[in-house]
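Notes for the one structure printed next.
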């Protein structure tokens, strides 16, 4: 198995991504491009440079060291040419104010497990464990399987967050070592799915059907997005698909804007929703309607 891969974050003390207190390990790279993605730094399969100009103290260390002349002086002002940047990370090494940071780094399975086991006492007391997220963790299928196998060998409960758009072989790699799958199902219409996410949902639905035959430890998760699926018909269709596959639980995740600032750090445009939020009352109405399909439904993860 691959013992090294790209990780872009390790988040501790999560209570929303599986049972108990959990450590989230985020693997970098995703084959989908959801318009509303709150982790745009997770999408590409390589480390990326985030630049926060408000932190820059003007020391010019980056100007002196950049080997690609992506940092320049223009009329007395430091400027950054992302089109010239090769994201080598050299400037980050001398940026004392941390205005320039690299997101994503190569880690071994042993390094990941070392981080995870720092919280082992919390798992024991809360029934928690480790969750692999992303990006799409199964896009690094062999690496994900190796991490999960190592965690299980240490008695750690394991969960995988996946959007399912990967070869079925990636699921087969992780199935023996995964206690719970948190499976994103965003829309049942393949063309709407393609327009908003960049790919249709045929592979996602096929993998979900196969997975449901192999394990009952699946929770469906649906981000409720204004203009995309924030209506009764779309949510009922998802809940009905879950019921037909014998899945018992659905989590409806309210739309939020927490990731908007990250787009600016990557010089990208954030998603412009047709409205700013979905109200608590609207989410509760969708929850009640989905429950009529026979699933246990909760708002939030």
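The values are calculated or read from the model by the stated rules, or taken from the named source; none is laboratory data. None of these values were measured; they are calculated from a predicted model. All Cβ positions, even for glycine, are placed from backbone atoms using ideal geometry, and neighbour counts span all protein chains on display.
A few remarks follow.
- Extreme residue, farthest from the chain's Cα centre (by Cα), among residues of region 74-100 that are in a strand (DSSP E or B) and in contact (Cβ under 8 Å) with a residue 12 or more places away in the chain: 78
- Helices (runs of 4 or more DSSP H) completely within region 223-301 that count 1 or more residues being in contact (Cβ under 8 Å) with a residue 12 or more places away in the chain and closer than 24 Å to residue 206 by Cβ: 232-244, 280-291
- Looking at region 101-198, the strands (runs of 3 or more DSSP E) lying wholly inside it that each contain 1 or more residues that are within 30 Å of residue 87 (Cα to Cα) and touching a residue at least 40 places away in the same chain (Cβ under 8 Å) sit at 105-108, 129-133, 157-162.
- Residue 30, sole failed condition from (1) at pLDDT below 95; (2) within 22 Å of residue 261 (Cβ to Cβ): (1)
Quick grid of which residues meet (1) farther than 30 Å from residue 218 by Cβ; (2) touching a strand residue (DSSP E or B) at 6+ places or on another chain (Cβ under 9 Å):
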{"residue": "24", "(1), (2)": "no, yes"}
{"residue": "35", "(1), (2)": "no, no"}
{"residue": "39", "(1), (2)": "no, yes"}
{"residue": "43", "(1), (2)": "no, no"}
{"residue": "60", "(1), (2)": "yes, yes"}
{"residue": "77", "(1), (2)": "yes, no"}
{"residue": "81", "(1), (2)": "yes, yes"}
{"residue": "84", "(1), (2)": "yes, yes"}
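- In region 113-134, the qualifying residues are those that are at pLDDT 95 or above and under 17 Å from the mean Cα position of the chain (by Cα), and the one that is farthest from residue 28 (Cα to Cα) is 130.
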